[in-house]
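Structure first, commentary second.
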Amino acid sequence: MGRLLDERFLRRALAAAALVGLLGGLAAWALGHGAVAGLIWTAGTIPVVAWLTVSIVRDLVAGRMGVDAVALLSMSGAIALGESLAGSVIAVMYAGGNLLEDIAIARAERDLRSLVDRAPHIAHRRTGETIADIAIETVAVGDVLVVRAGEVVPVDGLLIGNAAALDEAALTGEPMPVAKVRGAPVFSGTVNAGETFEIRATAAAGDSTYAGIVRMVTAAQTAKAPFIRLADRYALLLLPATLVVAGLAWALSGDKIRALAVLVASTPCPLILAAPVAFIAGISRAARLGILVKGGSALEALARTHTVLFDKTGTLTVGGARLVAVETAPGESPDEILRLAASLEQASHHVVAEAIVRAARGRGVALDPPDAVREAMGSGLEGRVDGRLVKAGSYELVCGACHRESWALRALRRAAWRSALSVFVSVDGQLKGAILLADELRRETPRAVQSLRAAGVARIVMLTGDNAEAAETIGAALDLDCVLANRTPGDKLEAVAVEQRLNPTLMVGDGINDAPALAAADVGIAMGAHGASASSEAADVVILVDQLDRVSDAVTIAKRTRRIALESIGVGMGLSCLAMIAAAFGWLSPVAGALTQEAIDVAVILNALRALTAGHGFGHRALKPGFTLALQQDHRELEATLDRMREIADSLDDTTGAAAVALIQEASTLVTTQIAAHERLDEESIYPQLREVLHDGDGLAAMSRAHREILHLARLLRRLADGLGADDADRYLIRDAQRMVESIEALVRMHNAQEEDIYENVAA
């Protein structure tokens, strides 16, 4: 680390010395002191030559030959032949190019500070009836350790005594707490999400799971091959060509100055400058979108991406408990069940409690303060809300050995196939409802996957510590090429290595458990919107906004930046070759060659700076600012209606007579006043504006077809509900109404998702 900083400081000092030498010599020359000017130019060039000589020798010892050799020949030849001005100009251009390269590749230091800070430094060891705090390094296998609520488990061990609830997100990425029973293995790095428990250590601190993650990250980082500069790949062609042309010019003309002019004209400043400037521009372009790219090396590697590996939890999904449904006993109100549960859960700091409270407040539900709350850590809690005894938690805690009603069985079944956590709610001893919580796909995930394929990514894989059933469900929804489930951090690291052996690989993740894989991949991208973490430190790219589609933006920007860099290099080399030919025929002197090369550099830089822009969209109009956000907000407001439609469809399972009629008429009213009105507004007002923006307005034809289908179903439901009496509501009519309600709800959700994809794609 210190050596790297010293080299960066030395490069800045050399650039400053070369610039001062050039300007000082020009000032002396302007005052008529030509000899003094030559000495100043030479003095400013010699430090660059000396440092460059050491650098080239070091590279040769390491078996590398780069673009720097031509620059060394040019400067050395200029000094030897008395062309000090030409040497000074080359020194400024070369040292300045290296300075730009340093800026382009400067990346956040990977010191793993967050990993080290998170690791516990003490453990609570029980000896008889005494509990003592000891340094974690002194823990021995067989020690009995106490882990208090909220603490990180210090070492691997086996659970003894009471059951425990553990947050294993740091290791598996799975956001839901995991229940552990007596004798179950407990891993270091997990967090006690329940009551105090004890473990018997099965490994010392250095041999435990969490310490292994730190070692894997460090090893993966140090094992990465050194990056080969884009310019060095072309130096193998330029160097021999330059020597041949210079030698022929000298041999055929007998004028050694011509040979020097060829060397000066061939000075590889376009090679030195083109890639760093383009990469700096590309990095700046990415930063505007909330994408932090840690240097030009990362950007170029990103441009070569063939395979993308995604973590699931927190990356493809939102990463945490989210309300997906409220199941109720017949005749109960979902909002009332949610209100009572959330009011009670205000007294708990559990991740599930926070999710329930957040969901209730998001729906605008007013909460009351609970009284006399008792919490069974990891299982649930009970207390009084509005004078009534409310219990919320697992089915066993809330209901015990009571008979399972049909609606409760349905709730458990739905929780199982949706990989959801169920929180049952009872009031005064009567089971009233169940709240289903689960992780869910980000809204932008399908669009992000499609955009990656459009950007040229050939293979997309999901790599997760979650169970296979939940992972396969997500994989099928996204049409991924492969799903790898139940993967530990070590398994993820191995999967990255396998893919790397085949093609350039990109890993995207967000948790500590992803850090080794992120560090090992050709490019690691961390979803870092929620703050710095080990994943952000281990990654080459950090997404600073909570939007997964920024991954495809990063790949697109990288590919365009690399293309511009290659164009700049090609144009610069072509112009340099023309200058070399002119110098070989004596049409350019060494100084004129240096100035010509400077003009070429300016052209190269201007072209490379195109990477700052998004490119031209000829004939493409953008939506007005805020247009997309307004449309998305309309969809968010419609979600409450869709949730109520789903609740009505479920309630029709167990409802007859007047109650069924009331539900059917409520659904018809919701569809007519909100859903149908929304679709008509889209068709009459929004779609005409979209057609002006889209290159192919006919692409909205299928979306308009969905509008017509939704409106058709709305008319059918209205006809069924109008004038409906209790005697008319037999089981066949109720079933027909239920099917229409479910069809409308599902169709509108799918249609809204498709519209949002279109809105994002045509946004400015």
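The values are calculated or read from the model by the stated rules, or taken from the named source; none is laboratory data. Everything numeric here is computed off the predicted structure, so don't read it as measured data. Methodologically, a virtual Cβ is constructed for each residue, glycine included, from the backbone with ideal geometry; neighbour enumeration extends over all protein chains shown. The accessibility values were calculated without ligands, DNA or RNA, using every heavy atom of the protein model including side chains. Shrake-Rupley method; radii C 1.70, N 1.55, O 1.52, S 1.80 Å.
Quick look at the numbers
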read-out: Shape box of segment 409-514 [Cα atoms, principal axes, largest first, Å]; value: 61, 30, 21
read-out: Compactness relative to 2.2 N^0.38 Å, alpha carbon Rg of segment 627-717; value: 1.30
read-out: Probe 1.4 Å - accessible area at LEU166, Å² to nearest ten; value: 0 Å²
read-out: Inter-probe distance in nm under a simple model that places probes 7 Å from Cα toward Cβ, at ARG358 and ASP479; value: 3.1 nm
read-out: Extension gain, LEU578 back to ASP653 (0.36 nm per residue minus Cα-Cα distance, nm); value: 18.8 nm
read-out: Residues whose placed amide H lies under 5 Å from that of PHE310, excluding near-sequence neighbours; value: VAL461, MET462, LEU463, VAL508
read-out: Whole-number Å³ per residue for the convex hull built on Cα positions in segment 703-749; value: 56 Å³
read-out: Most to least packed among 713-721, 185-193, 36-44 [average Cβ atoms within 10 Å]; value: 185-193, 36-44, 713-721
read-out: Dimensions in Å of segment 340-499 - Rg and Dmax from alpha carbons; value: 20.0, 61
read-out: Taking segment 400-492 and dividing mean pair separation by its residue count, relative contact order in percent (alpha carbons under 8 Å, at least six apart); value: 19 percent
read-out: Computed log₁₀ I(q)/I(0) - Debye formula, equal Cα scatterers, no solvent, segment 259-382, q 0.12, 0.14, 0.18 Å⁻¹; value: -0.71, -0.80, -0.99
read-out: GLU666 paired with THR138, simple spin-label distance in nm, labels 7 Å along Cα-to-beta-carbon; value: 6.5 nm
read-out: Whole-percent carbon and sulfur share, accessible surface of segment 393-518, 1.4 Å; value: 50 percent
read-out: Segment 478-496 versus segment 324-391: alpha-carbon centroid distance in Å; value: 37 Å
read-out: Entries of LYS180/LYS492; LYS180/LYS294; LYS256/LYS559 with Cα pairs more than 32 Å apart; value: LYS180/LYS294; LYS256/LYS559
read-out: Solvent-accessible area per residue for segment 273-363 (1.4 angstrom probe, square angstrom); value: 29 Å²
read-out: Only Lys, Arg (+1) and Asp, Glu (-1) charged, at Cβ; segment 284-362 dipole about Cα centre in debye; value: 660 debye
read-out: Dimensionless Rg ratio for segment 407-470, taking C-alpha atoms and the 2.2 N^0.38 Å reference; value: 1.68
